[in-house]
1. What is the one condition in (1) surrounded by 16 or more Cβ atoms within 10 Å (Cβ to Cβ); (2) on the phi > 0 side of the Ramachandran plot that Met85 does not satisfy?
2. Restricting attention to region 122-131, which residues are open to solvent by 20 Å² or more (accessible area, probe 1.4 Å) and not β-branched (Val, Ile, Thr)?
3. Of Asp275, Asp282, which residue is assigned to a helix (DSSP H, G or I), more than 20 Å from Leu165 (Cα to Cα) and not aromatic (Phe, Trp, Tyr)?
4. Anything in region 331-363 that is at pLDDT 95 or above and surrounded by 15 or more Cβ atoms within 10 Å (Cβ to Cβ)? List them, or say none.
5. For region 285-297, state whether one or more residues are of a type in the set (Lys, Arg), within 25 Å of the chain's Cα centre (by Cα) and open to solvent by 50 Å² or more (accessible area, probe 1.4 Å).
6. It is to be established whether one or more residues within region 174-194 are over 23 Å from Phe62 (Cα atoms), among the β-branched types (Val, Ile, Thr) and not in a strand (DSSP E or B).
7. Working only within region 163-172, note down all residues that are under 14 Å from Lys28 (Cα atoms) and crowded, with 18+ Cβ neighbours inside 10 Å.
8. Can you name every residue in region 1-21 that is open to solvent by 40 Å² or more (accessible area, probe 1.4 Å) and in a loop (DSSP other than H, G, I, E, B)?
Amino acid sequence: QKPLKQWWILRKLVYVVSLPTIWGTRFKANMINMEKLPDDQPCLILMNHSSFIDLKIVSRIFYPKPYGIVCTSDGFVGKNLLMRMIGCIPTQKFVSDITLIRDMEYLLKEKNTSVLMYPEASYSFDGKATALPRKMGVLLKKLGVPVITVITQGAFARDPLYNMLQKRKVQVSADVTCLLTREEIKSKTVAELDAMLDEAFGFDNFAWQQENGIRITENFRADGLNRILYKCAHCGTEGQMEGKGIHLKCHHCGKTYELTELGRLQALEGETEFDHIPDWYDWQRQQVRASLEDGSYRLETDVDIAMMVDYKAIYKVGSGHLSHSVEGFRLTGCDGKLEYQQGPLACYGLYSDYYWYEIGDVI
């Protein structure tokens with residue numbers, strides 16, 4: 001199916017429904033270099049993905065102009081027609097999708113409609129950008145339309161994914177920048193375009209909070225922090241961390257940290273190994289890399305298995321066992337009827353979510 005141009009009545013509805021959140025967060029958009037952009041040109045809008053408020057922000061910034069929305073295909077389940085009428089384009093995450101490029105070209109060039117895309121393809125876990133796909137510059141050259149970036153401030157601090165959907169009182173803003181015109185895209189190499197995107201998505205939400213003195217006083221601000229800080233920086237034990245209230249505690253060694261109102265970690269006793277949450281998160285990634293290189297990395301876990309084969313439902317097909325090593329993934333299950341393997345180079349990233357559709361943690 002070719003994507004549909006947004007129905008004006010649904011565009012209006014999304015805008016109206018978004019207003020209470022926009023007003024409640026005192027949202028402000030900062031327009032940067034937008035005068036370089038002709039009003040009648042469709043654009044590629046690249047936005048960072050911080051929280052569930054993101055789509056409401058876009059509606060506020062660009063209304064009443066229509067735009068298509070690149071959306072993960074599981075978002076269409078049970079509401080395929082509605083999602084298409086809103087302007088959504090289905091895609092699979094972290095893999096090459098030629099159909100997506102064709103659909104984006106169709107909206108941009110035949111329907112004269114801008115397209116919104118979250119190049120990270122996933123919510124930020126630690127407040128910094130998720131790795132962007134390489135050679136995004138190839139896509140920019142192929143589409144040949146101006147590029148706008150929308151980088152939010154405060155959206156992550158208001159509702160970080162790990163904090164179990166508990167809203168904090170934080171003002172939200174966004175920098176809306178005309179990053180590249182058609183002529184600039186033509187004059188730059190793919191490597192130069194990729195470098196510009198990396199720089200544009202080089203944000204750090206915790207650093208922003210500290211630099212601007214944004215105090216988060218809610219007493220649940222550390223709830224679920226163990227979702228991202230799962231390995232104790234003091235004793236190295238995994239899976240024994242607990243984030244609750246304003247504290248993060250390791251139940252193996254007892255080391256406890258307070259998450260301050262400015263978003264820094266502070267040990268209640270002894271040394272604070274990492275006071276900046278993204279630094280702790282990066283250290284965990286380095287630990288995983290080291291175990292991959294020395295051959296000790298391995299995941300073995302029992303799982304429930306669900307499949308998406310159409311837009312009617314997600315089908316639970318049974319239980320099984322998932323292993324992950326330097327050879328990639330291997331999934332077996334459904335009473336011996338299923339065996340699936342995927343090499344480590346099959347995709348550049350992995351989608352994971354907490355309490356997905358209120359069912360459970362998922363990859």
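The values are calculated or read from the model by the stated rules, or taken from the named source; none is laboratory data. The structure displayed is predicted, hence computed values, not measured ones. Cβ sites come from the backbone with ideal geometry, for glycine too, and all protein chains shown count toward neighbours. Each accessible area value is taken on the protein alone, full model and side chains, heavy atoms only, with ligands, DNA and RNA left out. Shrake-Rupley method; radii C 1.70, N 1.55, O 1.52, S 1.80 Å.
1. Failed condition: (2).
2. Scanning region 122-131 gives Tyr123, Phe125, Lys128, Ala129, Ala131.
3. Asp282
4. Leu331, Thr332, Gly333
5. Checking region 285-297: at least one residue is of a type in the set (Lys, Arg), within 25 Å of the chain's Cα centre (by Cα) and open to solvent by 50 Å² or more (accessible area, probe 1.4 Å).
6. Scanning region 174-194, I find at least one residue that is over 23 Å from Phe62 (Cα atoms), among the β-branched types (Val, Ile, Thr) and not in a strand (DSSP E or B), so the answer is yes.
7. Within region 163-172, Val170, Val172 qualify.
8. Across region 1-21, the qualifying residues are Gln1, Lys2, Leu4, Lys5, Trp7.
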